[in-house]
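Report on one structure; see the data block that follows.
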Amino acid sequence: MRKIFLFFGPPGSGKGTQSEAIGEYFHLPVISTGELLRHEEKSGTALGKKIAQLIDKGELVSDELIHKIIVERIKRADTAKGFILDGYPRDAEQLQDLLKMLSEHDLILPVEIRVSDKEVINRLGGRRVCDCGATYHIIYNPPKVAGRCNLCGKELYIRPDDKPEIIKDRLAGYKKSAEPLLAYAKKHHDLISVDGERLISEITEDLIEKLSKYA
Ligand code: AP5
């Protein structure tokens, strides 16, 4: 039986941070559509340039492209025991698409990370990222050397979609699309919902305890 963790939460709620920690603990790969899209963007292809135009404005990429990306990624051998989805499904259409890809033997474990709008703005304003995928916060999770990645030493930067006006649009988009996803998760599965306004380590411990019941 594959375990499929679905991480839900507004932008900046800590989906990326927590899914990485949980993936490491349960030895499951993390599939982040945001990361996969940013990777394509950096490749400089025509498709990458098109993706950048949408992401930088906080707009969603087409369901068709996301479907292709997910299908390709799920095919890889490291997903045999399960995987963690961060940032997917994002709306009711993507949810239906995902369900078609899964089997009745798969165990779906939805996780919601709750944070207030104020906290989202606070967090994304201080987020710094590296090309290698690592994420920091200037106050809550600072790198050892200011402005430099702990893992590869490269210079950190601010994501173009972390501008205040774009954050507001992303938050509004999330609120609109999350409702049917959470309603589905509550109706058909045990939705694990955690308070995301605590220390990163506290949330990780809480999630590990709750998810271990299913491991
Ligand atoms: P994506 O990268 O998925 O962005 P998002 O969902 O907006 O989420 P974020 O990455 O902003 O936040 P997060 O919840 O992962 O928080 P993080 O751990 O980084 O998608 C980007 C774009 O790609 C989308 O806007 C869209 O255009 C496109 N896209 C992606 N998926 C798509 C899809 N399925 N369909 C269509 N388009 C798609 O944490 C945030 C900050 O807070 C960090 O600085 C971190 O260090 C800090 N932090 C984390 N936890 C805590 C804590 N407990 N206390 C204090 N600080 C904390």
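The values are calculated or read from the model by the stated rules, or taken from the named source; none is laboratory data. Bear in mind that the values here come from a model prediction, so they are computed numbers and not experimental data. Cβ atoms come from the backbone with ideal geometry, glycine included; neighbour counts cover every protein chain shown. SASA here: full protein model, heavy atoms, side chains in, ligands and nucleic acids out. Shrake-Rupley method; radii C 1.70, N 1.55, O 1.52, S 1.80 Å.
Worth a mention:
- When peptides 131-137, 171-177 are sorted by average Cβ neighbour count within 10 Å, with the highest value leading, the order is 131-137, 171-177.
- Potential extension, E104-H27 segment - 0.36 nm per residue separation minus Cα distance: 25.5 nm
- Set of aspartates and glutamates with alpha-carbon distance to K81 below 13 Å, sequence-local pairs under 8 removed: D106
- Reachable lysines from K163, criterion Cα separation under 28 angstrom, eight or more residues apart if same chain: K15, K42, K49, K50, K57, K118, K144, K154, K175, K176
- Gained length - S62 relative to S201, 0.36 nm times residue gap less alpha-carbon distance: 46.6 nm
- Taking the protein heavy atoms of the chain in the context of the full set of protein chains, the accessible area attributed to carbon and sulfur is 54 percent at 1.4 Å.
- q = 0.11, 0.15 Å⁻¹, the chain: log10 I(q)/I(0) [Debye, one scatterer per Cα]: -0.52, -1.03
- In this structure, C132 and L182 have a Cβ-Cβ separation that, at R0 = 30 Å, corresponds to a calculated FRET efficiency of about 0.40.
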